[in-house]
Amino acid sequence: MTEEEFTEFYRHSVHRLTGQLYVVTGDLHEAQDVVQEAFVRAWGHRRSLDRDRAPEAWVRTVAGRLAISRWRRARTAARAWRRHGDPAAADGPDPTSVDLAVALRRLSERQRLCAALFYVCDLPLARIAEETGLAPGTVKAHLSRARAALAQHLDHPSELREHADDLH
């Protein structure tokens, strides 16, 4: 891919990818960061990226892996803070605006990723299986469990608000 092709690819896909990763992460700034980092890595591989071989999928996969890695580091840090005492509490956003984000965070990483790729990215099951390295049946199982969990959590949003602090 030439520099001009890469620039056009970036221009046409950065907002879509950021939106997709926002659903996965629940944090716009985090989504922007991982997408930008994925594009930086893609730039280094631009000569081997081919439009016919789905460079957007490559960037989405890298960004998703970066998000999961950052989430794991943040979770480890949060555990350390709890062991050594919580930092001063800060006021959060309006509870009614975070029900879906909290429900999504309660899903396993793979359920959340499969749901985002299916419902937000509108990818077929075969493509999700290819991008995640999971078997198509496993993708179906993750989607089914994600739907069931979201339905259960969103039927009782007050419970989500009560447990929102458990997720951080």
Original post:
Do you know which residues across the range 139-157 are in contact (Cβ under 8 Å) with a residue 24 or more places away in the chain and out of contact with any helix residue (DSSP H, G or I) (no Cβ under 6 Å at 6 or more places or on another chain)?
Top reply: R147, A149
Subject >> Residue satisfying all of: in the range 1-56; closer than 27 Å to R106 by Cβ and small (G, A, S); modelled with the highest pLDDT among these >> reply: A38
Subject >> Leading residue by the ranking (modelled with the highest pLDDT) among those in the range 60-99 that are polar (S, T, N, Q) and over 22 Å from C114 (Cβ atoms) >> reply: T76
Original post:
Do the conditions hold for A57, that is, is it more than 26 Å from A103 (Cα to Cα) and assigned to a helix (DSSP H, G or I)?
Top reply: no
Original post:
Applying the selection to the range 1-26, what residues are part of a helix (DSSP H, G or I), more than 15 Å from A116 (Cα to Cα) and in contact (Cβ under 8 Å) with a residue 40 or more places away in the chain?
Top reply: E3, E5, F6, F9, S13
**OP:** Assess whether D50 counts as being buried (at least 17 other Cβ atoms within 10 Å of the Cβ) and charged (D, E, K, R).
**Re:** no
**OP:** Would you please list the contacts, defined by Cβ atoms under 6 Å and residues six or more apart or on different chains, that run from a residue in the range 47-59 that is farther than 13 Å from H12 by Cα to a residue that is modelled with pLDDT under 85?
**Re:** L49/M1
Subject >> Output for the range 27-54, where each listed residue is under 23 Å from R127 (Cβ atoms) and either in the same structural domain as S108 (by TED's automatic domain parsing) or not in a helix (DSSP H, G or I) (or both) >> reply: H45, R46, S48, L49, D50, A54
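For every residue, the table says whether it meets (1) loosely packed, with under 15 Cβ neighbours inside 10 Å; (2) under 18 Å from T132 (Cα atoms); (3) within 12 Å of the chain's Cα centre (by Cα).
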{"position": "E3", "(1), (2), (3)": "yes, no, no"}
{"position": "Q20", "(1), (2), (3)": "no, yes, yes"}
{"position": "G26", "(1), (2), (3)": "no, no, yes"}
{"position": "E37", "(1), (2), (3)": "no, no, no"}
{"position": "G44", "(1), (2), (3)": "yes, no, no"}
{"position": "R65", "(1), (2), (3)": "yes, yes, yes"}
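The values are calculated or read from the model by the stated rules, or taken from the named source; none is laboratory data. Just so it is clear, the structure is predicted and the values come from calculations on it, not from any experiment. When we count neighbours, we look across all protein chains shown, and the Cβ atoms used for this are built from the backbone with ideal geometry, even at glycine.
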